[in-house]
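Structure first, then comments.
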Amino acid sequence: MQAPEFSIHGARRVFWITFVLTLLLKLVLAANFPFSGDEAFFYQWGVFPAWGYSDHPPMVGWLLAVLRQISEHPLALRSFTLLLTSFIGLGLVDLLMRWLPAEREPAAWMAGAVYLAMPWSWMFILVTTDTPLIFFMALSAWAYLRASACPGRGIGWYALAGLFVGLGFLSKYFAALLGLAYAAHILGWRRERWWALLLMLVLAAPSIGINLGFNATHGWANVMFNIFNRNEGSHWSFQTFAVYAGMTAYLLTPWLLWAGLRARRPDAVNPQVLQAVAVLWLFPLLVFAVLSTRRTVGLHWVLGFVPLFVLWVGLRVDARALRRSLNWTLVLSLPHLLAVAAIVWMPLSVWQHTQLFDKAVFLREAPAIVRALEQDLPPGTALMARKYSPAAMLAFHHHRYVPVFGVGRHHARQDDQIIDFRSYDGHNLRIFDFEAPDLADFTPYFERVSVRRFEVAGVDYYAVDGQGFRFQPYRDTVLADIAREFHDVPSWLPLLGSPFCERYGFADCSPGRKP
């Protein structure tokens, strides 16, 4: 057997240097990167804790409800996220140290270093639904793989795997893919452990039950968004499949894919472990490949399965090849680091002649924009926006909830759950917009409307001042359109409640509706 090119001490040193440097980098980025629209939107979930929310299950809202008690500074709100990939890197080393023979220990440390050096590991600092999802998926997969390698029945590990995958489901529905991967592995290769599927399902059932209960009493909000509304108009497309294939190769990196595929099957590694790891990362990616023939698959959808792929590579590839992969990964990280640094620290004037200038100014200067909107704001006047992302960012800096005025999109319909437009009847509203608004879009809903333009950092923004909001015409047009477009729950789903439809008297989407 050929000896490793460097010692265990050298490999361990590479890992800990990578660990410390990437953790410090994440701390700097988390403290300085502007708070994003999605983060600001989920932050409002933490302000209004509930059993569920508009787009996704509630876990990130619960997480932010806790973190905001520490501080509302972005670094505090992102603290759990920035530690997450470092925690996963340690978990990879832990599993590889358990399963690799002693002479291959350097490969365990090098695989952990490769994962930490990946751009999507050190750039993973924003607090979104992916934060608790990836955390619980990692814990669940760790427990499941411990159970698979256990010489006994592994009942406790399977129980933990089920509990954690259920909590992942309470974070985002993509956790179900990990559960399906467990089923594929057990039914395909470990049928003697069929009982483990039932055990995991029982432990995941409370989380599933919480989400089903919320959906049934809240117009099936998560199901309508994830299954129906966001998939309207989807059709077969080779282009979306090709984009997914390229994106997956980019995320997994060509050199790791090549190294993992060309490596000989290691004799010293438990074949059942290697088999389990392969199924856990490959099965979900194949499901995404099928989905990509009908719709676009987001890059962040795949992130939770990248650690499992790196684990598989670490089991198959020697330390020298992993060291070469680390070098290539560091080269890949460099342009990503430059791009992130440009967003955070480059003068705004650099973006002035691009189409992104107004968005860049809004991202960096949101507090100044809020101050401009608050200037001369009459007492009792509510601030609103035309789209959910600016509404959420304004709310974060305004320290009050900012609803969306108008129909909006299928994304981020939390207003439908918690906002009662009847309470604004007769009141004044100030509505933010990026572009010069057409007052004809507002005149039916106010006694008087006017528009004011204001400038921040060389960009013109607009605010419509509506005096005397008229709820009834808004209900009969805008809210009625929302009910038809986003709350048309299929008749086969039992509807026990729909706050939006019941609030505004839309019988067709309320409990007791006619088929």
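The values are calculated or read from the model by the stated rules, or taken from the named source; none is laboratory data. Quantities reported herein were computed from a predicted structural model and do not represent experimental measurements. FYI the Cβ positions are ideal-geometry reconstructions off the backbone, even for glycines, and counts take in every protein chain you see. Only protein heavy atoms, including side chains, enter the accessible area calculation; ligands, DNA and RNA are left aside. Shrake-Rupley method; radii C 1.70, N 1.55, O 1.52, S 1.80 Å.
Quick notes
- You will find that of Tyr504, Tyr401, Tyr424, Tyr474, the residue that is in contact with a Lys or Arg (Cβ under 8 Å, 6 or more places away or on another chain) and of a type in the set (Ser, Thr, Tyr) is Tyr504 and no other.
- Only one entry of Arg470, Arg484, Arg475 meets the criterion of being open to solvent by 70 Å² or more (accessible area, probe 1.4 Å), among the basic types (Lys, Arg) and under 29 Å from Leu377 (Cα atoms), and that entry is Arg470.
- When Gly380, Gly406 are checked against the criterion of being open to solvent by 50 Å² or more (accessible area, probe 1.4 Å) and either outside any helix (DSSP H, G or I) or not aliphatic (A, V, I, L, M) (or both), a single residue qualifies: Gly380.
- The numbered conditions (1) open to solvent by less than 40 Å² (accessible area, probe 1.4 Å); (2) over 17 Å from Ala143 (Cβ atoms) are all true for Ala175 except (2).
- Residue check for Ala278: part of a helix (DSSP H, G or I), within 27 Å of Arg146 (Cα to Cα), within 25 Å of the chain's Cα centre (by Cα) and hydrophobic (A, V, I, L, M, F, W, C): yes
- Here Leu311 meets the list (1) within 23 Å of the chain's Cα centre (by Cα); (2) over 21 Å from Met97 (Cβ atoms) almost entirely, failing just condition (2).
- Among the residues of segment 31-53, none qualifies, meaning not one is open to solvent by less than 10 Å² (accessible area, probe 1.4 Å) and among the polar types (S, T, N, Q).
- Within segment 359-374, the presence of a residue that is open to solvent by 60 Å² or more (accessible area, probe 1.4 Å), part of a loop (DSSP other than H, G, I, E, B) and closer than 30 Å to Val449 by Cβ is excluded.
- Single unsatisfied condition, Val114 versus (1) assigned to a loop (DSSP other than H, G, I, E, B); (2) in contact (Cβ under 8 Å) with a residue 60 or more places away in the chain: (1)
Conditions (1) farther than 23 Å from Ile186 by Cα; (2) part of a helix (DSSP H, G or I); (3) touching a Pro at 6+ places or on another chain (Cβ under 6 Å); (4) open to solvent by less than 20 Å² (accessible area, probe 1.4 Å), marked per residue:
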site	(1), (2), (3), (4)
Leu285	no, yes, no, yes
Arg295	yes, no, no, no
Leu308	no, yes, no, yes
Ser325	yes, yes, no, yes
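- Check on Phe228, over 30 Å from Gln414 (Cα atoms), under 24 Å from the mean Cα position of the chain (by Cα) and open to solvent by 40 Å² or more (accessible area, probe 1.4 Å): no
- Test: Gln467 is outside any loop (DSSP other than H, G, I, E, B), out of contact with any Lys or Arg (no Cβ under 9 Å at 6 or more places or on another chain) and not charged (D, E, K, R): no
- Scanning segment 393-445 for residues that are under 17 Å from Pro499 (Cβ atoms), polar (S, T, N, Q) and touching a residue at least 24 places away in the same chain (Cβ under 8 Å) gives Gln414, Gln417.
Listed here are the residues, each with its yes/no results for (1) in contact with a helix residue (DSSP H, G or I) (Cβ under 9 Å, 6 or more places away or on another chain); (2) touching a residue at least 40 places away in the same chain (Cβ under 8 Å); (3) assigned to a helix (DSSP H, G or I); (4) closer than 19 Å to Val402 by Cβ.
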| position | (1), (2), (3), (4) |
| --- | --- |
| Phe19 | yes, yes, yes, no |
| Tyr43 | yes, yes, yes, yes |
| Gly46 | yes, no, yes, yes |
| Pro57 | yes, yes, no, no |
| Gln69 | no, no, yes, no |
| Phe80 | yes, yes, yes, no |
